[in-house]
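Contents: one structure, followed by commentary.
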Amino acid sequence: HVQLVESGGGSVQAGGSLRLSCAVAGYTSRSNCLGWFRRTDEQEREGLAAIVIRDGRTYTADSVQGRFTISQDNAKNTLYLQMNSLKPEDTAMYYCAASVSPWYCGGVATTYNYWGQGTQVTVS
């Protein structure tokens, strides 16, 4: 099985930055892809960014291009989301997720198999 635990959320002023982390257990043997999503009361599980574990290819949603960057540290089994120029509309619960599919790695939530508990990001 794959376990994921997010950290690094908090409150930040508009224009500020945060780096979210996701500790991943078992992903090298079980997963092809890691991704970041966010959920609000108005929209559930919006795909933000994804990365192919093997070669580091990335997907980034249009809504956060130029501001959010996904990366991974395979030696530490950790996934990151660097968030810059944060806006109030970025306020949400942020989740990391893993997909075992070898054929797709992107922002479609239903393609992911394992999910973390989430970390809250509040921008004011």
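Sorted on the mean count of surrounding Cβ atoms within 10 Å across their residues, most packed first, peptides 79-85, 115-121, 101-107 read 79-85, 115-121, 101-107. Distances between placed amide hydrogens fall under 5 Å for A61 paired with A49, all partners being 5 or more residues away or on another chain.
Report summary: the helix-based calculation at 222 nm, which adds -39500 (n - 2.57) for every DSSP H run with n ≥ 4 and divides by the residues of the chain, gives -500 deg cm²/dmol. Surface composition of region 27-124: carbon plus sulfur atoms contribute 43% of the solvent-accessible area (1.4 Å probe, protein chains only, all chains present).
3J(HN,Hα) couplings calculated from phi for region 48-55 with the Karplus curve 6.51 cos²θ - 1.76 cosθ + 1.60 (θ = phi - 60°) are, in sequence order, 10, 7, 8, 9, 7, 4, 5, 10 Hz; Gly and Pro show x. For the chain, averaging the sequence separation of C-alpha pairs within contact (under 8 Å, six or more residues apart) and dividing by the residue count gives a relative contact order of 36 percent. Solvent exposure of the chain, expressed per residue, is 52 Å² of accessible area, with all protein chains present and a 1.4 angstrom probe. Note on the chain: antiparallel DSSP beta bridges, both residues inside, total approximately 95 percent of the bridges counted.
Subtracting the Cα-Cα distance of V108 and Q65 from their residue separation scaled by 0.36 nm leaves 13.8 nm.
Placing dummy labels 7 Å off each Cα toward the beta-carbon, the span from R39 to Q13 is 3.2 nm.
The values are calculated or read from the model by the stated rules, or taken from the named source; none is laboratory data. Note that the coordinates shown come from a computational prediction; the quantities given were computed from them, not determined experimentally. Here Cβ is always computed from backbone atoms with ideal geometry, including for glycine, and neighbour counts include all displayed protein chains. For the accessible areas, the whole protein counts, side chains as well, though only heavy atoms, and no ligand, DNA or RNA atoms are used. Shrake-Rupley method; radii C 1.70, N 1.55, O 1.52, S 1.80 Å.
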